[in-house]
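A.B. asks: Please find one structure pasted underneath; my questions will follow.
Derivation of every value follows stated rules applied to the coordinates shown; laboratory data play no part. Everything numeric here is computed off the predicted structure, so don't read it as measured data. For neighbour counting, all protein chains shown are included, and Cβ atoms are generated from backbone atoms with ideal geometry for every residue, glycine included.
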Number of protein chains: 2
Amino acid sequence: MAARLTQTVVWRNLEQHRDELKAMRLQDIVLGEAKRLETCSLELEGLSLNYAFNHVTPKTIDLLVKLAEQEKLEGKRDQMFRGDKVNVTENRAVLHTALRQKTNHPVMVDGKDMLPEIKAAREKVAKFAGDVRDGVWLGATGKPIKHVVNIGIGGSDLGPRLAVEALALHAIGPKVHFVANADAYDLLSTLKGLDPAQTLFVVVSKTFTTQETLLNAQTARQWLVAALGEKAVQKHFVAVSTNQAAVETFGIKMENVFPMWDWVGGRFSLWSAVGLSIALAIGADNFQKLCDGAAAMDEHFRTAPLAYNMPVVLALLGIWQRNFQNISARAVLPYCERLRSFPRFLQQLDMESNGKSVTRDGEAAAYATGPIIFGDCGTVGQHSFHQWLHQGSEIVATDFIGVAEDDLNHADHHRALVSHMVAQAGAFAFGQTESTKPEDIYAGNRPSNILMLLRLDPYHLGLLLALFEHKIFVQGVVWNLNSFDQPGVELGKKLARGLESGTAPSGDQAAFLKGFFTRISRISKK
Amino acid sequence: MAARLTQTVVWRNLEQHRDELKAMRLQDIVLGEAKRLETCSLELEGLSLNYAFNHVTPKTIDLLVKLAEQEKLEGKRDQMFRGDKVNVTENRAVLHTALRQKTNHPVMVDGKDMLPEIKAAREKVAKFAGDVRDGVWLGATGKPIKHVVNIGIGGSDLGPRLAVEALALHAIGPKVHFVANADAYDLLSTLKGLDPAQTLFVVVSKTFTTQETLLNAQTARQWLVAALGEKAVQKHFVAVSTNQAAVETFGIKMENVFPMWDWVGGRFSLWSAVGLSIALAIGADNFQKLCDGAAAMDEHFRTAPLAYNMPVVLALLGIWQRNFQNISARAVLPYCERLRSFPRFLQQLDMESNGKSVTRDGEAAAYATGPIIFGDCGTVGQHSFHQWLHQGSEIVATDFIGVAEDDLNHADHHRALVSHMVAQAGAFAFGQTESTKPEDIYAGNRPSNILMLLRLDPYHLGLLLALFEHKIFVQGVVWNLNSFDQPGVELGKKLARGLESGTAPSGDQAAFLKGFFTRISRISKK
């Protein structure tokens, strides 16, 4: 067991501090400090983190920063940015930040400067997106493209999907759809009513072997070929992939393949050519602004002192709650319908990165790691699971996300949204400890952050997404995890191949699974 | 503290039994029992519960059933069915089961038989849905209705939304849309491209005062009136509500108001006229089949011996995991794209019902109650948070939901779906405890159920939904909770009214919230 971390002086000081604070209710901490709102907020170019509703005092932040220093956060951060192979299990650099870098500093990977390739890919995406949007690129029958179907799963789906939904007011290009699930209904219901002659498929798979993506791509290809013939494939399919041979076999021309690199993980890949569907929806200039927002957060993360560094503070608050307050879940509640996919996006980003129990040194972690991430839009959740958040027997921490500017000209709706968000945070924190009816008692003491965007535009979305990327990195450093692999997805794939292949199972476990599969499939024969 | 339950002999026997089983890994329990698959499955008319992958032996089930008996489950069940006021805080009967009852037994509430009203409402829904679908009901300019917009939130949204999505292959009527959020984007993006002359709004709010619903209804009304004038309102708006005065003021004719009753809770209301949008989408006959499926589950729940009673066993397995194995969350993973809203539906149904810490006797519960419910569709989640499910530092229990019949004629997609589902369940249970690489170790020991539907049609969906309704009831009985109120949503509403009204705050807490609201709203002025 990797128990070093929990035996350090700083960790023990944090435990002692936690015990000291235990007697204090959250409302006493919040109301007891003058200028609490000012002290507990950080702002960067129109994105603010407001953490007043946490069980923290200035001393807590001080101790947490010491923990980060002890775990050599700044050095490890710099290692990531300069291209060291911080993804140790896969022996890879982690350079999604290079995809949005504004300077001309070389990006060295294995002795080679990747910046020319990065720039060339960005220009290729911009050129192609422009051609489709301007009607320069035409379908096989000479018609312009009106619908784009992005076929990908996981990181090849959730990031682009979120960005396209969130920036819907900036979308004046073709309508972009997303298909991910192996269930054929996902693709078939998307294709319903689309004209093959005006539909473009973007197939996103680094290896071009992802089972779900290939199933969907093949079924989409049949749909297109049935309408327009084999030759049409090259005008209606492009790919983001490194497997040029497989892509060519599929019928996509080399010049219509966009690159990926092994130093960009799937869940961090929307900034690469995986963002092609974003550029198709909102245009290359807006896609650039999205990257610029992320770059501004990168610069802040690289240079701001730890106690005023937004991703660092957000991460340390999470560690405080996870490891010292024993809170095992975070609710993520965007009070903004266009951010409805943010909880799902963050589920992948966070749970796939830090949902691990083995340290970078190969030992079992002796402490809790990444929490459950779940959530839904406010105010919808208020009429659903918020009952549980307020009065359930478990305390979770909440991240609210709000938008200050009303860009829909519906002040009454907008004021309701923001009021409810603050009111929920207040109710979580303060509770209602006196009432004649027992069922109207709220224990309170439930911590939350409010993240506030000045407005929902590409730049501010870029700030928000990079904030969470770096938050997760910081937590991975403190927990000594490799946040950049995902070994836990392999076993299920292997077992599924065994079931699908129909070969005789070897071993008791495989035989049991085969029996289970047969039994529940057989139900349909009755 | 209400500690009676945990001091009973049966509870202590369960604790002791848990300790005895602790030494056994799940795989040993699963593989050690002959006919495990047969023993650990229950089936009712094409819906099966397969619970082989739980840390249970026949003795566990026996002890859990004793717990249910001790808590007088059967008597309390019968009280609910016969209309006793089991919603004690609100002094109301709980009779959603009466809405789908097939017999002519009287449904007595306060000495009055409600069956005639129930039947009349069902017929009114059927008649209206038929008229709209057949083009008998026309818009103000004489055109048939092509789009229906259901405006409601919580139970007036999630149930109908799930049913309409799940039964999409049965939908040949007008296209039904759902708008819930106070965020104007929800409504505005739905209305985009719709023709007012062919759009019907169904406003669902028992009190007709639900803030979000009224905001959306008023904005929708403005949109309609701007195009077609005031007089068109009566041909384009109908309501499901008990507040006839408010509905009439809005401009809806009395004859176009559908009833609700205070003995049907919002989250159990899709079987009532709240299901009007379902009937509009799939037709009254299919809506009836949905109700018939639920009625079959009701009958099973009322009559089957506890150890073979599907909702009872499902509930007791959950109690075993929550209270004896200390598992605080359940992942709900439908391997079916049309059931993508099922996790959100269940979040409300379960977390709003049992997310409480005060017993029916008004004491603080001395034991854990309802868990976190979260999830997403397989196979999508496999490329996201399943990493955490397999290797995270917390163990959760999983409910898989699969469909046996491929109704899309895409056998390759369908086989992949079912194979992956069984493979994930196997990987959770068995893990992979030997590997040369530490990151490839899976601890296993993660319990799951597989619920399998013969096919995804109205009848089987009805079975599934009623299964979970009754599961939650059973858990509420054992935990001695009132599963039918939602007192925890009131405080936030009250605080939000204070912020929205703009009146001077009274008290430190209100002043702090006002300052917070002002501060984060001000960000937009920069």
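A.B. asks: Say the dipole of segment A:96-287 comes from +1 at the beta carbon of Lys and Arg and -1 at that of Asp and Glu; which of A:258, A:128, A:108 then lies farthest toward its positive end?
C.D. replies: Value computed over the given set: A:128.
A.B. asks: Looking only at other chains, what is the average number of their beta-carbon atoms within 10 angstrom of each beta-carbon in B:399-411?
C.D. replies: 3
A.B. asks: Under unit Cβ charges (Lys, Arg +1; Asp, Glu -1), what dipole magnitude, rounded to 20 debye, does segment B:96-287 have relative to its Cα centre?
C.D. replies: 320 debye
A.B. asks: Follow-up. Extending each Cα 7 Å along its Cβ direction at residue A:102 and residue B:299, get the distance between those two points in nm, one decimal.
C.D. replies: In this crude label model, residue A:102 to residue B:299 measures out at 7.0 nm.
A.B. asks: Highest mean first, how do A:12-18, B:323-329 rank when packing is the count of other Cβ atoms within 10 Å averaged over residues?
C.D. replies: Per-residue Cβ counts within 10 Å, averaged per peptide and sorted highest first, yield B:323-329, A:12-18.
A.B. asks: Give me Rg over Rh for the protein assembly as shown, both radii from the alpha carbons and Rh done the Kirkwood way, two decimal places.
C.D. replies: Result: Rg/Rh = 0.94.
A.B. asks: 5 Å is the cut-off here: which amide hydrogens, built 1.01 Å from N in the peptide plane, fall below it relative to residue B:201, excluding neighbours closer than 5 in sequence?
C.D. replies: Hits under the 5 Å cutoff: B:149, B:237, B:238.
A.B. asks: Only Cα pairs under 8 Å and at least 6 apart count here; give the relative contact order of segment B:101-195 as a rounded whole percent.
C.D. replies: 20 percent
A.B. asks: Related question: Tell me the net charge near residue B:309. Cut-off is 13 Å between Cβ atoms, residue B:309 excluded, with +1 for each Lys or Arg and -1 for each Asp or Glu.
C.D. replies: -2
A.B. asks: Same structure again: Which net charge results for the neighbourhood of residue A:512, defined as the other residues with beta-carbon distances under 15 angstrom from its beta-carbon, given Lys and Arg at +1 and Asp and Glu at -1?
C.D. replies: +1
A.B. asks: Output the antiparallel fraction of DSSP beta bridges having both residues in the protein assembly as shown, as a percent to the nearest 5.
C.D. replies: Bridges in the protein assembly as shown that DSSP calls antiparallel: roughly 30 percent.
A.B. asks: Then there is this: Read phi for every residue in segment B:158-170 and hand back ³J(HN,Hα) as whole Hz from Karplus 6.51 cos²θ - 1.76 cosθ + 1.60, θ = phi - 60°, with x for Gly and Pro.
C.D. replies: With coefficients 6.51, -1.76 and 1.60, one gets 5, x, x, 4, 4, 5, 5, 5, 5, 9, 4, 6, 9 Hz.
A.B. asks: For segment A:129-184, which trypsin sites (Lys or Arg not before Pro) pass both filters: DSSP loop (anything but H, G, I, E, B) and at most 16 other C-beta atoms within 10 Å?
C.D. replies: Passing sites in segment A:129-184 are A:146.
A.B. asks: Provide an ascending nm list, one decimal, of label-point separations from residue B:497 to the equivalent residue in each further copy; define each label point as 7 Å from Cα along Cα→Cβ.
C.D. replies: Label point to label point, same position, other copies: 6.1 nm.
A.B. asks: Residue of A with Cβ nearest the axis relating A to B, plus distance in whole Å?
C.D. replies: Nearest residue, distance rounded to whole Å: A:374, 2.
A.B. asks: While we're on this one: Taking 2.2 N^0.38 Å as the expected size of a compact globular protein, what ratio does the Cα radius of gyration of segment A:231-342 give against it, to two decimals?
C.D. replies: Its radius of gyration relative to the 2.2 N^0.38 Å reference: 1.48.
A.B. asks: Now, a different point. So how far apart, in nm, are the two label points at residue B:209 and residue B:511 if each is 7 Å from Cα heading toward Cβ?
C.D. replies: With each label point 7 Å from Cα toward Cβ, the separation is 3.1 nm.
A.B. asks: Now, a different point. Which percent of the Cα-Cα distances in segment A:2-62 go past 12 Å?
C.D. replies: Tail of the P(r) past 12 Å holds 72 percent of the pairs.
A.B. asks: Taking H as built 1.01 Å from N, whose amide H comes closer than 5 Å to the amide H of residue A:53, not counting residues under 5 places away?
C.D. replies: Amide H neighbours of residue A:53: A:448.
A.B. asks: Residue A:308 versus residue B:490, label points 7 Å from Cα toward the beta carbon: distance in nm?
C.D. replies: Label at residue A:308, label at residue B:490, 4.6 nm between them.
A.B. asks: Over all directions, what mean area does the Cα convex hull of segment A:53-138 project, stated in square nanometres?
C.D. replies: Over all viewing directions, segment A:53-138 projects a mean Cα-hull area of 10.5 nm².
A.B. asks: To continue, here is another question. Using the Cα centre as the reference, give the magnitude of the dipole from point charges on the C-beta atoms of the protein assembly as shown (Lys, Arg: +1; Asp, Glu: -1; all else neutral), rounded to the nearest 20 debye.
C.D. replies: The dipole magnitude comes to about 720 debye.
A.B. asks: Partner chain Cβ atoms within 10 Å, averaged over the residues of B:86-93 - can you pull that number for me?
C.D. replies: 1
A.B. asks: On to the next question. Give me a comma-separated list of calculated 3J(HN,Hα) values for segment B:44-53, in order, Karplus coefficients 6.51, -1.76, 1.60 applied at θ = phi - 60°, integers in Hz, x for any Gly or Pro.
C.D. replies: 3J(HN,Hα) across segment B:44-53, in whole Hz: 9, 6, x, 10, 10, 10, 10, 10, 4, 8.
A.B. asks: Return the ratio Rg/(2.2 N^0.38 Å) for segment B:277-376, where Rg is computed over Cα atoms only.
C.D. replies: 1.30
A.B. asks: Tabulate in residue order the Karplus-calculated ³J(HN,Hα) for segment B:474-481, using 6.51 cos²θ - 1.76 cosθ + 1.60 with θ = phi - 60°, rounded to whole Hz; enter x for Gly and Pro.
C.D. replies: 4, 5, x, 5, 5, 7, 6, 9
A.B. asks: List, shortest first and in nm to one decimal, how far the label point of residue B:75 (7 Å from Cα along Cα→Cβ) is from its counterparts in the other copies.
C.D. replies: So the label point of residue B:75 gives 6.8 nm to the other copies.
A.B. asks: Would you mind checking A:22/B:493; A:143/A:175; A:437/B:206 for any pair whose Cα atoms are more than 18 angstrom apart?
C.D. replies: Pairs exceeding 18 Å: A:22/B:493; A:437/B:206.
A.B. asks: How large is the helix-only mean residue ellipticity at 222 nm for chain A, computed as the sum of -39500 (n - 2.57) over DSSP H runs with n ≥ 4, divided by its residue count, in deg cm²/dmol to the nearest 500?
C.D. replies: -13500 deg cm²/dmol, from helical runs alone.
A.B. asks: At residue A:438, with labels set 7 Å past Cα in the Cβ direction, how many nm apart are the copies from this one, shortest first?
C.D. replies: Ordered by increasing distance: 4.9 nm.
A.B. asks: Kirkwood hydrodynamic radius, segment B:355-397, all distinct C-alpha pairs: what's the number in Å?
C.D. replies: 13.0 Å
A.B. asks: Going by average Cβ density within 10 Å per residue, which order do the peptides B:288-297, A:355-364 take, highest to lowest?
C.D. replies: Order by mean packing, descending: B:288-297, A:355-364.
A.B. asks: Is there a simple number for the mean count of other chain Cβ atoms within 10 Å of the Cβ of residues in A:25-32, and what is it?
C.D. replies: Average neighbour count from other chains, rounded to a whole number: 2.
A.B. asks: Would you please give the residues with an amide H less than 5 Å from that of residue A:333, counting only those at least 5 places away or on a separate chain, with H modeled from the backbone geometry?
C.D. replies: A:399, A:400, A:401
A.B. asks: Take the Cα gyration tensor of segment B:96-287, multiply each eigenvalue by 5, square-root it, and list the three semi-axes largest first, rounded to whole angstrom.
C.D. replies: Output for segment B:96-287: semi-axes of 26, 18, 16 Å.
A.B. asks: Evaluate the Kirkwood expression for the hydrodynamic radius of chain A, namely the inverse of the mean inverse distance over all pairs of different C-alpha atoms, and round to one decimal in Å.
C.D. replies: 24.8 Å
A.B. asks: Further question on the same structure: Place a +1 charge on the Cβ of each Lys and Arg in chain B and a -1 charge on the Cβ of each Asp and Glu, then give the dipole magnitude about the Cα centre in debye, rounded to the nearest 20.
C.D. replies: Result for chain B is approximately 1240 debye, rounded to the nearest 20.
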